[in-house]
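Structure record follows, encoded as structure tokens.
The values are calculated or read from the model by the stated rules, or taken from the named source; none is laboratory data. Bear in mind that the values here come from a model prediction, so they are computed numbers and not experimental data. With ideal geometry, Cβ positions are generated from the backbone for all residues, glycine too; neighbour counts draw on all protein chains shown.
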Amino acid sequence: MARDQTSYRTPSPPLFVNLENMEEDENTPSRDREAELQELEGKREVVGSKMEEYHRRLALAYDKHIRPRVFLEGDLVLKISRRSNKEDAHKWEGPYIVSEVHPNGHCIMLDPDHGTTIGPINFKYVKQYYA
């Protein structure tokens, strides 16, 4: 049996013919692409504003449960113990006197028994002592 050999030719439009006289209409690919880009830019702005609103609401929900720790010089405080993993050890040590408070969240404490300074120590490891 003989095989039929068929060749297919697809006509191609001539390129670069009358480029000077060619007028752009509303349906050219470049206009479609520009319209798509404008639409995507609008969607990106909407998503950006929704993300900002989400982060604002998330921060409000987080801050609602957080109590800021404010210490003043001369306050009595307790410091978390480094031996808190042992069962018979106390969890907190102190009381200590706050001698310096720094705005970035740490303080330097004075041990009234020994007269030595301790710190700097972060506020998250210190709590108010009520005598």
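Screening M51 against (1) modelled with pLDDT of 90 or more; (2) in contact with a Lys or Arg (Cβ under 8 Å, 6 or more places away or on another chain) leaves a single unmet condition, (2).
Among the residues of the range 112-131, just one is of a type in the set (G, A, S) and free of Cβ contacts under 8 Å to residues at least 12 places away in the same chain, namely G115. The criterion of being buried (at least 16 other Cβ atoms within 10 Å of the Cβ) and at pLDDT below 85 does not hold for G115.
Here the range 31-81 is the region considered, the condition is being of a type in the set (A, V, I, L, M, F, W, C) and in a loop (DSSP other than H, G, I, E, B), and the residue that is farthest from G119 (Cα to Cα) is I66.
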